[in-house]
Amino acid sequence: MAQAMTIDLLSDSLHAAPGLLGYKLSHRTDEGVASGIIVETEAYNSTDPASHTYRGQTARNSVMFGPPGHAYIYFTYGMHYCVNVVTGPVGDGQAVLIRALEPIEGLDIMKKRRHTDDIKQLTNGPAKLVQALGIAKADYGINLFTSKKLYIKPGIKPQTVIQTTRVGIRQAIEKPWRFYIGNNSYISKP
């Protein structure tokens, strides 16, 4: 499955977001490894009113201002965690939200964590994929490209990439900063 792939995480989130499509996100826990191919992403940066960095650096978003390739994990809606990949130069406050995965490894673990046998419902949303993979707040700040616990590796090269508007936000909804692999049945919203 693996192909020679490169992604420039130092580039802005708008270039990194489509570049992450096709990469494999994996999480190793005591239960085993659960992983999937990244099939949907969204870009965020400090000029964006929908971004956690829009109003500057805080304790919550500090990793987004650090070096690229690290995990920004945050709690949302008082009940869910989401995972992002920090991008851009240090101090710039950018990240790419991982919105959906195509599950490929550890399906039994994911089904148990998500309380469903429906493979299409395991990782088709940012909170769902975090729950399915067992990602936790303790994973905040991990280098996703050097860690052996929570990590991203080359996967497949997408044939078609669709660019459209982001979902689940209230501001800057007109920005076409959402990217997904065309004809993939594991994305969060068609």
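The values are calculated or read from the model by the stated rules, or taken from the named source; none is laboratory data. No experiment lies behind these values; they were computed from the predicted model shown. So basically every Cβ, Gly included, is an ideal-geometry build from the backbone, and we count neighbours across all protein chains shown. Remember, those area values only see protein heavy atoms, side chains included, never the ligands or the DNA or RNA. Shrake-Rupley method; radii C 1.70, N 1.55, O 1.52, S 1.80 Å.
General remarks:
- Qualifying residue in region 41-48 (condition: of a type in the set (G, A, S), modelled with pLDDT under 85 and over 20 Å from G19 (Cα atoms)): no
- Some residue of region 164-172 being modelled with pLDDT of 95 or more and open to solvent by 20 Å² or more (accessible area, probe 1.4 Å): no
- Hey, Y81 within 21 Å of Y186 (Cα to Cα) and modelled with pLDDT of 90 or more or not: yes
- Residue check, T87 among the polar types (S, T, N, Q) and either within 17 Å of L21 (Cβ to Cβ) or in contact with a Cys (Cβ under 9 Å, 6 or more places away or on another chain) (or both): yes
- Residues located in region 135-190, provided they are charged (D, E, K, R), under 19 Å from L14 (Cβ atoms) and touching a Ser or Thr at 6+ places or on another chain (Cβ under 8 Å): E174, K175, R178
- Evaluation of L20 against (1) in contact with a helix residue (DSSP H, G or I) (Cβ under 8 Å, 6 or more places away or on another chain); (2) at pLDDT 85 or above (one fails), failing number: (1)
- Answer from K111, K189, K157 - the residue that is more than 26 Å from T58 (Cβ to Cβ) and modelled with pLDDT of 95 or more: K111
- Residues satisfying the stated conditions in region 11-49, i.e. open to solvent by 10 Å² or more (accessible area, probe 1.4 Å), part of a strand (DSSP E or B) and of a type in the set (S, T, N, Q): T29
- Among residues of region 132-154, those that are crowded, with 19+ Cβ neighbours inside 10 Å and farther than 18 Å from V63 by Cβ, counted: 3
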